[in-house]
């Protein structure tokens, strides 16, 4: 054996953009699991090795080649955009399942991504996984080459040393203009009623900081050309308006703002496509997470040879 194969399991993998970013950083995906059939179809189309399994029914055992367990469990129960959120709800409890899987497999490291408003009890559960040095990192995807302000908490646990998310050097801050001007094919339009279009005409361009609401997740906001987008949500449920046209952004435009390659089109109808895109970990952010973990583990991995 000339080199160590850095393998990863992706828990609640969705359409696979966390896995995709990690593969770009040098990891090999062993398996991705999710209980959403449509997302698994997308995952298998572009990544492969996806399994339709409910996390509650997933009981993996220790494997020597599973170096990293990664996960981005559904965030709706923690997200401020969800007016019916429940920090002790069924989806919130998935954090505990993630912790259970890490404890069972005992990987060299784990990665957990979630919204900035992840509850305190969930954070404590991650920090209390035995045998790991855990860091909590608050990041904005815009600082990692994504044309979108998307603030997230990234937890990295390692058996040997603390691994923090280091800010990348020389990364250009990309704007809405950068993302949309290079879009060759647009699709996934929302058909608005005439009275809705008249209302949308009154919404002026604004930055994500001020918006038309009280947070970065304004329910109706018009993007500005020359700043990063607000956090992309489900474009079929929330009004994120085109900078000039009186319409919601398309699914293709939402993909571009997430930094998703245009060829990586999710399967399903427009509703399923929009939700998969909204749930994505931006691939560039995933890549930088992977690079940080790879660098943090490299010394230990060399000792395995």
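All of the numbers you see were taken from the coordinates with simple rules; none came from a lab. None of the values given here were measured: they were computed from a predicted structure. We place every Cβ from the backbone using ideal geometry, glycine too, and count neighbours over all the protein chains shown.
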Helix-derived mean residue ellipticity, 222 nm - over the chain, DSSP H n ≥ 4, -39500 (n - 2.57), to 500: -8500 deg cm²/dmol
Among 161-168, 104-111, 269-276, the order from most to least packed when residues are scored by Cβ within 10 Å on average: 104-111, 269-276, 161-168
Protection proxy ranking, peptides 197-205, 239-247, 5-13, 279-287, average beta carbon neighbours within 10 Å, highest first: 279-287, 5-13, 239-247, 197-205
Angle between the chain longest axis and helix 94-105 axis [Cα atoms, degrees, rounded to 10]: 30
Point-to-point label distance, residue 185-residue 160, nm (Cα→Cβ direction, 7 Å offset): 4.5
